[in-house]
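Colleague: Mind looking over this structure? Questions follow.
Readers should treat all values here as calculations from the given coordinates under stated rules, not as data from a laboratory. Computed from a prediction, not measured in an experiment: that's the story for all the values here. Here Cβ is always computed from backbone atoms with ideal geometry, including for glycine, and neighbour counts include all displayed protein chains.
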Amino acid sequence: MFGSILSLETIEAWKIIVLLLSSLGLGFVFSVVYALLKKEQGYSREYTITLVIYPFVATALMLIAFYLTGVLSATDTEAKLLRAGVAVASIFTMTRWRSAPRSSEELTYLFFMTALGTALGLGFVGYAVIIVALLIVVLVVLKFINFPFVSRNQYSLKVTIPEDIDYETCFVDTFKKYTNKVFLKKIRTSDLGTMFTLSYTIELKNGVSQKELIDELRAINGNLNIQMNSKRFDYIEE
């Protein structure tokens with residue numbers, strides 16, 4: 001079950017087709033699960049398509065590398081290792097390519113797809129099916145238990161204020177009115193020191209209006225930039 005179906009002695013077209021179709025099938029299954037798990041917060045259409053195609057490309061490259069090493073003589077061990085190493089390194093450098101910045105989670109999935117393509121490219125179909133199934137189970141369980149247990153009312157808040165406002169006291173009354181917890185994570189100056197950018201983690205009280213909170217913050221900071229993101233789905237770029 002976990003052995004390789006490939007042989008260096010002969011190149012069998014049906015095995016190559018099985019491996020390539022398996023890479024597309026497993027990539028599609030994982031992409032569908034990813035889309036379902038991310039449905040609430042949204043996801044990129046291009047990225048889900050990438051999850052389908054990526055293991056196919058990695059599998060194709062690994063198959064080329066596999067049979068390329070096979071044409072060398074059995075005594076040419078160093079050349080085999082060198083070519084195999086270059087092929088594997090080339091596959092892993094694929095994860096460096098992206099048209100837009102990706103989160104650590106998305107990059108981890110790309111690394112996983114690389115591992116999946118490598119396994120299939122070496123002929124280990126059973127192993128590839130097992131690792132995909134296990135990862136899907138882990139993701140579903142994490143989704144079901146709401147890991148990492150972040151409250152729906154917890155947000156990242158970034159507020160810009162002029163330098164002449166006391167950031168230690170200016171929002172105290174507003175936060176008491178709308179939040180249960182407030183933690184000031186980071187203070188940064190901008191515009192040659194004329195502005196402060198304050199980064200908070202806050203937990204809103206049940207039933208409060210986000211718009212009313214933002215309106216009160218705008219009245220205090222002179223309608224400068226305010227950004228609020230749900231901690232369950234996204235994090236403010238620091």
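Colleague: Taking the Cβ-Cβ separation of Lys186 and Ala35 as r and a Förster radius of 41 Å, what is the calculated FRET efficiency to the nearest 0.05?
Modeller: Once rounded, the FRET efficiency stands at 0.75.
Colleague: If you don't mind, there's one more thing I want to ask. Semi-axes of region 154-230's equivalent ellipsoid from the Cα gyration tensor, sqrt of 5 times each eigenvalue, largest first, rounded to whole Å?
Modeller: 20, 12, 11
Colleague: Would you mind computing, in nm to one decimal, how far apart the modelled labels at Glu163 and Ala219 are, each placed 7 Å from Cα along Cα→Cβ?
Modeller: Going by the 7 Å Cα→Cβ label model, 2.8 nm.
Colleague: Something else about it: Taking the Cα-to-Cβ direction at Ile226 and at Ser4 and moving 7 Å from each Cα, how far apart do the two end points lie in nm?
Modeller: With each label placed 7 Å out from Cα toward Cβ, I get 6.1 nm.
Colleague: Starting from a Cα-only point model with no solvent, please compute log10 I(q)/I(0) by Debye for region 1-53 at q = 0.25, 0.32 1/Å.
Modeller: For region 1-53 at q = 0.25, 0.32 Å⁻¹, log10 I(q)/I(0) is -0.92, -1.17.
Colleague: If you don't mind, another one. Gain in length, Asp173 to Ala13, computed as 0.36 nm per residue apart minus the alpha-carbon separation, to one decimal in nm?
Modeller: Working it through step by step, the gained length comes to 50.4 nm.
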